[in-house]
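Contents: one structure, followed by commentary.
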Amino acid sequence: MSTRSTRRLTGAAVLALTALSLTPAVGSAATAPAPVSAADAAGGYIARQLAVTGSHFVTYASPDWGLTADGILALDAVGVGQAQATASTADLSTHVKDYITGEQWGDKNSLYAGATAKTLNVAVAQKADPRAFGGVDLVTDLTGLLQTSGSFIGRFSDRSTFGDYSNAFGQSLAIIGLKRATGSAPASAVKFLKAQQCPDGGFRLDPATTSCTSDPDATSMAVQAIIAANGSSDATAVKGLDFL
C-alpha cells in the first residue's frame, strides 16, 4: 500500500474514532449523532488535505493537477466536502492548460488525451461548462484527439512531441466524459476499447502492445466506460466483470 493510501486510511480511521467518542453513554439524555460512514470519513479527509495544500494536491513540491482531479471526483462520488470540491475545481480551471497541454514545458502544441478526458469528467461532475473550462473547450479538444484513420481508428491519442502515452484509462475516461457531456460517445472509440479485451475477459492497459496481458485497473475503467456507453447488458462488459 502506498504512503499516500496509508495516510488517507489513517485519516478516515481517526475521523471514525472521533465520531465514536462523541456517542453518549447508555442512559444519556443526549441524542446520539448519526454514524459517519467510511466513505464520508474518507471524503472528509480528502477535503481537509486539499485545503492544507491550497486547494490542490502537491507531489514533489509541485502542484499535481491529475491527483487533484481525482480528489474532486472522489468528493463528488460521496457527496461530501463540496465547498472544497468547488474551490479545487476553480483552482484546476485556472491551471487547466498546465495540466492538459505541454505549455509548462514550453510545448504549447501538445495535448494529452487522458488529462483532457479526466478534466472533462471533473467539469461535468461539478456542473461547470465543459466547453468553457478555464477558457478551454474540453469537448472539442478531446474529440480532436480521436483517430479517424490509420491502425488505431477510434483511439484517443496524445498529440505531443514526446510521444503517445495514451492508454485504456484515458480511453475509458474519454468515453465516460463525452457520454456525460454530450449524451453520446463516439462508436469508434467504444469499438476500439472493446478491441483491447483479452481472451480471459480482462483489458490490457497499453493498446500499442501486440501481446494481451489483462490489467485489473484498466479492466475496471473499461467496464465502467462500456456500461456508460452501452448499458450493463453489453456482453463485453459482462465478460470484463466476470474477469474482475
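The values are calculated or read from the model by the stated rules, or taken from the named source; none is laboratory data. All values derive from a computational prediction rather than experimental measurement. Backbone-built Cβ (ideal geometry, glycine too); neighbour counts: all protein chains shown. Calculation scope for accessible area: heavy atoms of the full protein, side chains included, ligands and nucleic acids excluded. Shrake-Rupley method; radii C 1.70, N 1.55, O 1.52, S 1.80 Å.
Sort the range 99-150 into rounded, prolate or oblate with this rule: let a ≥ b ≥ c be the square roots of the eigenvalues of the Cα gyration tensor; rounded if a/c is under 1.5, and if a/c is not under 1.5, prolate when a/b is larger than b/c, oblate otherwise.
Cα axes put the range 99-150 in the oblate bin.
Pairs K97/K127; K97/K118; K108/K179; K108/K191: which exceed 23 Å Cα-Cα?
K108/K179; K108/K191
In the range 129-240, if the dipole is taken from +1 on Lys/Arg beta carbons and -1 on Asp/Glu beta carbons about the Cα centre, which of S211, F156, G183 is farthest to the positive end?
Projecting each Cα onto the dipole axis, the largest value belongs to G183.
Two decimals is fine: what is log10 I(q)/I(0) at q = 0.10, 0.17 Å⁻¹ for the range 52-161, from a Debye sum with one equal scatterer on every Cα and no solvent?
-0.29, -0.79
Rounded, prolate or oblate for the range 143-238? Axes are the square roots of the Cα gyration tensor eigenvalues, ordered a ≥ b ≥ c, and the cut-off for rounded is a/c under 1.5.
oblate
Roughly speaking, what is the stretch gain from L244 to R180, that is 0.36 nm per residue apart minus the C-alpha to C-alpha distance, in nm to one decimal?
That works out to 20.6 nm of additional length.
How do 232-244, 169-181 rank on mean C-beta neighbours within 10 Å, highest first?
Descending packing order for the listed peptides: 169-181, 232-244.
Given N residues in the range 46-111, what is its alpha carbon radius of gyration divided by 2.2 N^0.38 Å?
1.14
Given H placed on each backbone N at 1.01 Å, which residues far from V58 in sequence or on other chains put an amide H within less than 5 Å of it?
So V58 has HN proximity to D64.
Between D234 and L67, what FRET efficiency follows from the Cβ-Cβ distance if R0 is 30 Å, with the result rounded to 0.05?
In this case the efficiency is close to 0.45.
What is the dipole size for the chain, taken about its Cα centre, with +1 at each Lys and Arg Cβ and -1 at each Asp and Glu Cβ, in debye to the nearest 20?
It works out to roughly 220 debye.
Only Lys, Arg, Asp and Glu count, each charged at its Cβ (+1, +1, -1, -1), so figure out the dipole size of the range 119-244 about its Cα centre, rounded to 20 debye.
That gives a dipole near 300 debye.
With a 10 Å radius around each residue's Cβ, average the other Cβ atoms per peptide and rank 217-225, 44-52, highest first.
For the peptides 217-225, 44-52, the packing ranking is 217-225, 44-52.
With θ set to phi - 60°, apply the Karplus curve 6.51 cos²θ - 1.76 cosθ + 1.60 along the range 181-198 and write out the HN-Hα couplings as whole Hz, x wherever there is a Gly or Pro.
Values per residue, Gly and Pro as x: 7, 10, x, 8, 10, x, 4, 5, 5, 5, 4, 5, 4, 4, 5, 8, 6, 8 Hz.
Accessible area per residue, 1.4 Å probe, Å², for the range 88-244: what's the number?
With the other protein chains kept in place, the range 88-244 gives 46 Å² per residue.
First compute the accessible area of the chain with a 1.4 Å probe, then give the percent of it belonging to carbon and sulfur atoms.
57 percent
Modelling each spin label as a point 7 Å along the Cα-to-Cβ direction, I'd like the Y60/F152 distance in nm, to one decimal.
Each label point is offset 7 Å from its Cα along the Cβ direction, giving 2.3 nm.
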